[in-house]
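Q: Before anything else, here's the structure in question.
Laboratory data are not the source of any read-out in this text; all were calculated from the coordinates shown. Everything numeric in this text was worked out from a predicted model, so none of it was measured. We place every Cβ from the backbone using ideal geometry, glycine too, and count neighbours over all the protein chains shown.
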Amino acid sequence: MADVRTIDGTHGDGYEEARDFARLRAREFGYLDAGGHTYLDHTGAGLPPRSLVSGSAARITGALFGNPHSESPASRASGLLLSEARQAVLRHFRADPGEYAVIFTPNATGALRLVGEAYPFDRRSRLVMALDNHNSVNGLREYARARGAATAYVPVAGPALRLDEQRLEAALTTAGRGLLPGRARRRGLLAYPAQTNFTGVQHSLEWIARARERGYDVLLDAAAFVPTNTLDLSRFRPDFTVVSWYKVFGHPTGVGSLIARKEALARLRRPWFSGGTIYAVSAQAQWHVLASDEAAFEDGTVNFLSIPDVTAGLDWIDRIGVHRVHTHVAALTDRLLAGLGGLRHSDRSPLVRVYGPGAGEPDRGGTVALNVLGADGRVVDERIVTRDSAARGISLRTGCFCNPGAGEAAFALPLPRLRAAARARPRSLEDYLELLHLPSAGAVRVSLGLSSRPEDVDTFLRFVEETYRDRTPGTTGLTARVGC
């Protein structure tokens, strides 16, 4: 048998590795079991390991760190740790330091805003987006629209709700206004998720090179992908990649990164400047000179006390092995999907409806979207599931998860009906549901991660069966909430 290292760094056989994640959970995430929690929202947020939190506290209280925009001893100490964090991010993604720069942001959304506000959209360029983008990516269309650029959405298709590659090919081939075919002029920006946060579908990274060959820059939303998958930027070379670190290892919150090719970064034109982004500035003469490196995009003072925790978190996850996390989560996801497929009412009608890839299908992550079905075959309002699962100590997510395109595809909402709902300007969630002919405000999302275990999956399956089998829950007592 091949030599296997356990998470603790010792040697063990395959059976030992199968038990390894259980020991990791007890050591780093024991607070889950101590509190009787079943946590099934890893796509929403990863959980903080005890060792990272205690290590962070020891670092902060054990030395002196100051605002890095100075040359004092305290500032130099912070600057050194910031530099180490940038290097750690590049190593983790196998990114060439000569090709890529790391910009620290408050989150993935902040990284997307940096690109959107500074990207050189014009009337001859296009913004091409996957329909199942997160709303933080969808917002890029407002920057494109303001500068006259056309926006094209590529639909998702089939029961698995995968990107329609023929339509994507067509969208990338179509020239913008006044734009000749070929690579004589840059065409615009393709923005899509490596893994959608709605269904867990993983889109092909091969489209990065194909889009760039057609003259497009590529923005890859990797926020839902990198917690359980390896992203090799030496092989796949998107121009812009965005991540949120709390989704990977739970701590710290409030720190994300834009990993950008320096060539693409140089094409961005920031609409403003701020403290920390300039080399020189004049108030009276009204001129400024932006910094020439990543500092030009890090507005104000970065989170210098928390960013070093990214270095520690990457070291922690690399010791475990992202490939092993992937295998662990994939096995639990198969267990969940197989279990959901077996849930039936007494008349053998299905108890749940799953959106996206089913059990055994490739290219999917540990995010599963579903609706519970009553004995009459109708969808159980997801707010009922929120209420009932919370009463059982289960943390999951319901709604449309800031991903309206995936929801529109999952619920088969036609464009005319969506436009009619917008014209009607309804004032409540119930009004929207009635106009769209929807029985529920969204779906139920169960997402698995590093700290998950088989018992968590079984707890959820048992909850659904015991709570809804042969029943038709109503909506009495529910409070409407608005938003995705």
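Q: Find how much the distance from ILE60 to THR230 grows on full extension, using 0.36 nm per residue of separation minus their present alpha carbon separation; answer in nm with one decimal.
A: Extra length available between ILE60 and THR230 comes to 58.2 nm.
Q: Next question, about the same structure. What is the extension gain from ALA331 to GLU84, computed as 0.36 nm multiplied by their sequence separation minus the C-alpha to C-alpha distance, in nm to one decimal?
A: Between ALA331 and GLU84, full extension yields an extra 85.5 nm.
Q: Please give the charge dipole size of segment 61-317, origin at the Cα centre, charges +1 on K and R Cβ atoms and -1 on D and E Cβ atoms. Round to the nearest 20 debye.
A: 1040
Q: Report, in whole Å, the centroid distance computed from the Cα atoms of segment 88-131 and segment 39-75.
A: So the two Cα centres are separated by 24 Å.
Q: Where does the longest stretch of the chain lie that holds no GluC sites (Glu not before Pro) found in a DSSP loop with 16 or fewer other Cβ atoms within 10 Å?
A: Answer from the scan: 100-484.
Q: Work out how much length LEU418 to ASP164 would gain on full extension: take 0.36 nm times their residue separation and subtract the Cα-Cα distance, in nm to one decimal.
A: Between LEU418 and ASP164, full extension yields 89.4 nm more.
Q: Out of residues 5 or more away from HIS42 or on other chains, whose amide H comes under 5 Å of its own, with H placed 1.01 Å from N in the peptide plane?
A: Residues meeting the criterion, in which the H sits 1.01 Å from N, are SER447, LEU448.
Q: Shape of the chain from its Cα gyration tensor (a ≥ b ≥ c, root eigenvalues): rounded if a/c is under 1.5, otherwise prolate when a/b > b/c, or oblate?
A: Since a/c reaches 1.5 but b/c is at least a/b, the shape of the chain is classed as oblate.
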